[in-house]
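Written below as structure tokens is the structure these notes are about.
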Amino acid sequence: MSRVARFDVTDAEWVLIEARLPVAATGPLPRRVREQFNGVLWRFRTGSGWRDVPERYGPWSTVYSRFNAWSKAGVLQALMDGLIAEAAARGLVGLELVSVDSTVVRAHHESAGLAVAGETLDALEQALTEEKGVPLPEQGPVWRVMRRRPHPVRATQRRRAGSGLRHGAVAGHGRRPPGSAGPEAD
């Protein structure tokens, strides 16, 4: 049995994985493919950058190149499908193993404040009322989209050439004339 680092694939796991990896036309798998595979797993398990992959897995650029080639060729998807099929054939697949952890899901900043047309909102509320058979105000708590007026567009002020701020001056409202006391004078 070879020595493996924590979270690296075991010898038994590698037997299942290696059989599903492509063999180059020139011969068998490269000598360090298991280490590179473990490097790919390490990178995604930790969420680190490719350049942070430990040296024991080989040069980070080689680990990335291996992942990139496998990804583009569909090797990783075929590997996952094959391992799931193998587990199903052994009776080791169950839906109780499926888990989604929402603590790592991030929404893009533009996903906040979805704008929905009034007619669409009315149609959604009508569909919800018909589905539940109860008018919307009488239903239990639901998240409702509130109609808001769009924010007014502010005109930007233009500065004249040479009207830059002096060192220590405050821009915008609250500009103090030279020699006046600032908040630190209190």
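Only the coordinates and a few stated rules stand behind these numbers; no lab work does. These figures come from a predicted structure and were not determined experimentally. Using ideal geometry, Cβ is built from the backbone for each residue, glycine included, and neighbour counts are taken over all protein chains shown.
Between the amide H of Arg32 and any residue lying 5 or more places away or on another chain, no distance stays under 5 Å, with hydrogens modeled in the peptide plane. FRET efficiency for the Leu76 to Glu138 pair, using the beta carbon distance and R₀ = 45 Å, is estimated at 0.35.
The 3J(HN,Hα) values that the Karplus relation (6.51, -1.76, 1.60; θ = phi - 60°) gives for region 122-132 are, in residue order, 4, 5, 5, 5, 5, 5, 5, 5, 5, 5, 7 Hz. Gly and Pro appear as x.
Treating r as the C-beta distance of Ala87 and Arg51 and R0 as 30 Å, the FRET efficiency rounds to 0.30.
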